[in-house]
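Note sheet for the following structure.
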């Protein structure tokens, strides 16, 4: 097994989940994932001096996502303009307080920057310092984005759900100056 295969086997799933959470599109996720690993295959020296390959690959993937967003901005704006005026045939007729639906809808409504920090902290188990390095932001910015994401999610959850007792809401949020 080659080094690239080992790298792919070790990190592709985490990259895929992160990109899917950020992009909300499996096609876009696969394209970006392919772009990242093609770049690594073409330039193997990229990872020669890297201590944390997963963090570096996550950063590459995030930057590839940003590049894609920048290239497709006008197309997406037109799409959003038309799709916002047309009701979705897939939305449920009556709203339920099902925890899964509430969380899915709430997470989807977060800004991309907050969603990325939320995902990296809760699902990839990265520290705020690692998140800062991965996304090219300061630790304080990562902490703030996480705090704002939790605040927005708490505000969107109906009071009669049992979500308040889950560990998701009780995550310790350090202050920007704490270690």
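The values are calculated or read from the model by the stated rules, or taken from the named source; none is laboratory data. Just so you know, these numbers come straight off a predicted model, no measurement behind them. Methodologically, a virtual Cβ is constructed for each residue, glycine included, from the backbone with ideal geometry; neighbour enumeration extends over all protein chains shown.
A few notes on this one:
- Any chance residue 143 is in contact with a helix residue (DSSP H, G or I) (Cβ under 9 Å, 6 or more places away or on another chain), at pLDDT 80 or above and more than 23 Å from residue 36 (Cα to Cα): yes
- The residue that is surrounded by the fewest Cβ atoms within 10 Å (Cβ to Cβ), counting only those in the range 20-35 that are in a helix (DSSP H, G or I) and touching a residue at least 60 places away in the same chain (Cβ under 8 Å), is 21.
- Sole residue being under 13 Å from the mean Cα position of the chain (by Cα) and in a helix (DSSP H, G or I), chosen from 39, 59: 59
- Yes/no for residue 126 being at pLDDT below 90, in a loop (DSSP other than H, G, I, E, B) and closer than 18 Å to residue 62 by Cα: yes
- Of the residues making up the range 84-116, those that are in a helix (DSSP H, G or I), at pLDDT below 70 and surrounded by 10 or more Cβ atoms within 10 Å (Cβ to Cβ) number 1.
- Residue-level analysis places residue 19 among those that are outside the structural domain of residue 133 (by TED's automatic domain parsing) and within 20 Å of residue 134 (Cα to Cα).
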